[in-house]
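Chemist: To start, I am sharing the structure in question, which I have written as structure tokens.
We did not get these values from a lab; they are worked out from the coordinates using the rules stated. Treat the numbers as computed from the prediction; the structure is a model and nothing was measured. Note: ideal-geometry Cβ built from the backbone for every residue, glycine included; neighbour counts use all protein chains shown.
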Amino acid sequence: MNDMKRLIAITGIVLITFTVFSATASTGKTSSDESVGAYADADGNARFTAREEDDRIAVYAGDRLLVKTETRVSGLPKIDRMRLREGIVFYSEEELKQFIEDYCS
């Protein structure tokens, strides 16, 4: 039950963060592009990175920290720890949401 509350809280924080940033970074794009537009790479794709920080999973949009989860990296399988040390890149909010559901629940 506590894990479910944590997942809901983290998802809410991420969604609120995206909403706030997209509202302040409006650049004439359509509303469907706004939420990811502030963190687009050169091709216009959203770019988020999950990495290890202080033994926790931290999610960044560019250089800006969006959220640091309570999930301990030391409790994950070795391959996942290695991927997080290098940084896992996501090109959409959907990919990021799926990652959070998989690792932070």
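Chemist: How much length would be gained if the chain were fully extended between Ser74 and Glu101, taking 0.36 nm per residue of separation minus their Cα-Cα distance, in nm to one decimal?
Modeler: Taking Ser74 through Glu101 to full extension adds about 7.9 nm, to one decimal.
Chemist: Same structure again: Calculate the dipole size of the range 52-95 relative to its Cα centre from +1 charges on Lys and Arg beta carbons and -1 charges on Asp and Glu beta carbons; express the result in debye to the nearest 20. Kindly include the intermediate steps, with their values, before the conclusion.
Modeler: Working: 8 positive and 11 negative charges, 45 e Å.
Using Cβ point charges on Lys, Arg, Asp and Glu, the range 52-95 gives about 220 debye.
Chemist: Expressed as a whole percent, how much of the Cα-Cα distance distribution for the range 50-105 exceeds 18 Å?
Modeler: Across the range 50-105, Cα pairs with separations above 18 Å total 21 percent.
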